[in-house]
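Novice: What follows is a single structure, and I will ask about it in a moment.
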Amino acid sequence: MPDMFEPPVPNVSAANTANADVNDGTLPLLSGDVRAVLFDLDGTLADTAPDLVAAVNKVRTDRGLPPGPYETLRLQASHGARGLIGSAFGVTPDDAAFPALRDAFLANYEAALCVQSRLFEGVPELLAALTERGIPWGIVTNKAAWLTNPLVKLIGLSEGAACVVSGDTTPHSKPHPAPLLYAAECIGISPAHIVYVGDDLRDVQAGKAAGMATIAAAYGYCGDTLAPAQWQADAVVERAGAIAPLVMSRA
């Protein structure tokens, strides 16, 4: 069974900053004419951590181990099988035990893909506002298509999305800019007029490499290394509702 196509995250280290340092969409950090908005999926549009953590904890309990702590595992939800298996079992993809653990995790996740997952508060209203304003929006995720496509449908995003780009849609996944450039091509809008929103450092890196403005979703999973305020995104928001004023005032 294939992995979730998560590339290694660049090695970064710095102390986390307090939430008070996060810009909640109040500063005019974006410039230019915004004609489309692209979003990461897990941790940005949808809170999928409950089902991801349940899947990896089932791997643990099936092996006679107690469930891992939810809050610890949640931080790795954007990092797919590599991050969740690494956190739950202390192994890396180079370890001999990793493939079997990964396959068990992915089987569990596929079987219960959208049980507790939901859109983050404010996301339905945000997407409706973009649609009403005539601003197309799409999804660019590192999740493989065999998981992305059914999840997007189950969680109610398939009808409105102008494009859905998965981790295996292009030869490279984020932080490489290829998926974002492909999405821009699909919707027919120059990257210079697109904003990309994500909850991981690699999302900002990919967006910048693609020539897009970037917004860091600090309400998402964000990992446990560098704080969103230090990702050098064009803006950082602590709630999905803060995104619309940033992008629609420049549309």
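The values are calculated or read from the model by the stated rules, or taken from the named source; none is laboratory data. The structure displayed is predicted, hence computed values, not measured ones. Note: accessible area is taken over every heavy atom of the protein model, side chains too, but ligands, DNA and RNA are not part of it. Shrake-Rupley method; radii C 1.70, N 1.55, O 1.52, S 1.80 Å.
Novice: On a 0 to 90° scale, report how tilted helix 145-154 is relative to the longest principal axis of the chain, with both axes built from alpha carbons and the result rounded to the nearest 10.
Specialist: 70 degrees
Novice: Follow-up question, since we're still on this one. Can you return the lysines within cross-link range of LYS174? Criterion is Cα-Cα under 19 Å, with same-chain partners fewer than 8 residues away left out.
Specialist: Those lysines meeting the cut-off are LYS143, LYS208.
Novice: Further question: What does the accessible area of HIS193 come to, in Å² to the nearest 10, when a probe of 1.4 Å is used?
Specialist: 50 Å²
Novice: Suppose accessible area is computed on protein heavy atoms with a 1.4 Å probe; arrange GLU238, GLU71, GLU159 from highest to lowest. Please report the intermediate quantities before stating the final value.
Specialist: Numbers: GLU238 75, GLU71 120, GLU159 170 Å².
Ranking GLU238, GLU71, GLU159 by accessible area, largest first, yields GLU159, GLU71, GLU238.
Novice: Here is a further query. Which one, (1) 113; (2) 160; (3) 212, gives volume of the Cα convex hull per residue in Å³ as derived from the coordinates shown?
Specialist: Read-out from the structure maps to (1).
Novice: Leaving ligands, DNA and RNA out of it, report the carbon-plus-sulfur percent of the accessible area of the chain at a 1.4 Å probe.
Specialist: 53 percent
Novice: Then there is this: Could you tell me the relative contact order of the chain? Use alpha-carbon pairs under 8 Å, at least six residues apart, and round to a whole percent. Intermediate values should be presented prior to the final figure.
Specialist: On the way: 499 pairs, mean separation 77.3, N = 251.
Taking the mean separation of contacting Cα pairs over the length of the chain, I get 31 percent.
Novice: Something else: Amide H neighbours of ASP200 under 5 Å, counting only residues 5+ apart in sequence or on other chains, H built in-plane at 1.01 Å?
Specialist: For ASP200, whose amide H was placed from the backbone, the distant partners under 5 Å are ALA217.
Novice: Once amide H atoms are placed 1.01 Å from N in the peptide plane, what residues at a sequence separation of 5 or more from ASP47, or on another chain, have their amide H within under 5 Å of its amide H?
Specialist: ARG118, LEU119, PHE120
Novice: Now for a different question. Ignoring everything but the protein chains, give the 1.4 Å probe accessible area of THR131 in square angstrom, nearest 10.
Specialist: Roughly 90 Å² of THR131 is accessible to a 1.4 Å probe.
Novice: So who's got an amide H within less than 5 Å of the one on LEU38, skipping anything under 5 residues away but keeping other chains? H placed 1.01 Å off N, in plane.
Specialist: HN-HN under 5 Å from LEU38: GLY138, VAL195, TYR196, VAL197.
Novice: Report ³J(HN,Hα) in whole Hz for each residue of segment 51-63, in order, from the Karplus equation J = 6.51 cos²θ - 1.76 cosθ + 1.60 where θ = phi - 60°; Gly and Pro get x.
Specialist: 6, 5, 5, 4, 5, 6, 5, 5, 4, 5, 5, 5, 9
Novice: A further question follows. Along segment 236-241, what does the Karplus equation 6.51 cos²θ - 1.76 cosθ + 1.60 (θ = phi - 60°) give for ³J(HN,Hα), rounded to whole Hz, x for Gly and Pro?
Specialist: Each residue of segment 236-241 in turn: 10, 10, 9, 8, 5, x Hz.
Novice: Give me the angle, in degrees from 0 to 90, between the Cα long axis of helix 178-187 and the longest principal axis of the Cα atoms of the chain, rounded to the nearest 10.
Specialist: 50 degrees
Novice: To the nearest 10 degrees, how steeply does helix 123-133 sit against the main Cα axis of the chain, on a 0 to 90 scale?
Specialist: The angle comes out near 30 degrees.
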